[in-house]
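Chemist: One structure follows; several queries about it will come next.
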Amino acid sequence: SKPVDGLGGYVWGSTDQMVADVQFWLDNQSQDFGWIIVGEEGQGRSAKRFASREHATAGSRPRLTINYTQ
């Protein structure tokens, strides 16, 4: 989980489950439905906006960055 409370970029660190999800998508591309971000909707005025991969501005689209370490 990651608090999202203002403008700017957000980084979710790698987990074993995240690695497993990405590997599954690589191995089973027809079943790659991505992830969903779910928020606390019990508070008023708490909506957040994230751009999709189809956003007109390329710099606003989500990115997956993979850093390899040995």
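The values are calculated or read from the model by the stated rules, or taken from the named source; none is laboratory data. The structure displayed is predicted, hence computed values, not measured ones. Cβ placement follows ideal geometry from the backbone for every residue including glycine, while neighbour counts extend to all protein chains displayed.
Chemist: Could you give every pair whose Cβ atoms fall below 9 Å, whose first residue belongs to region 1-15 and is on the phi < 0 side of the Ramachandran plot, and whose second residue is of a type in the set (D, E, K, R) and at pLDDT 75 or above, counting only separations of at least 6 or pairs across chains?
Modeler: Going by the 9 Å Cβ cut-off, the qualifying pairs are V4/K48; D5/K48; Y10/K2; V11/K2; W12/K2; G13/K2.
Chemist: Can you work out which of the residues in region 1-43 that are over 13 Å from the mean Cα position of the chain (by Cα), of a type in the set (D, E, K, R) and closer than 23 Å to Y68 by Cα is surrounded by the most Cβ atoms within 10 Å (Cβ to Cβ)?
Modeler: In this case the residue turns out to be D32.
Chemist: Also: Is there a residue being part of a loop (DSSP other than H, G, I, E, B), at pLDDT below 80 and of a type in the set (D, E, K, R) anywhere in region 19-41?
Modeler: Scanning region 19-41 turns up at least one residue that is part of a loop (DSSP other than H, G, I, E, B), at pLDDT below 80 and of a type in the set (D, E, K, R).
Chemist: If only one of R61, R49, R45, R53 is in contact with a His (Cβ under 7 Å, 6 or more places away or on another chain) and not polar (S, T, N, Q), which one is it? Break it down stepwise before answering.
Modeler: Numbers: R49 fails: in contact with a His (Cβ under 7 Å, 6 or more places away or on another chain); R45 fails: in contact with a His (Cβ under 7 Å, 6 or more places away or on another chain); R53 fails: in contact with a His (Cβ under 7 Å, 6 or more places away or on another chain).
Result: R61 is the single residue among R61, R49, R45, R53 that is in contact with a His (Cβ under 7 Å, 6 or more places away or on another chain) and not polar (S, T, N, Q).
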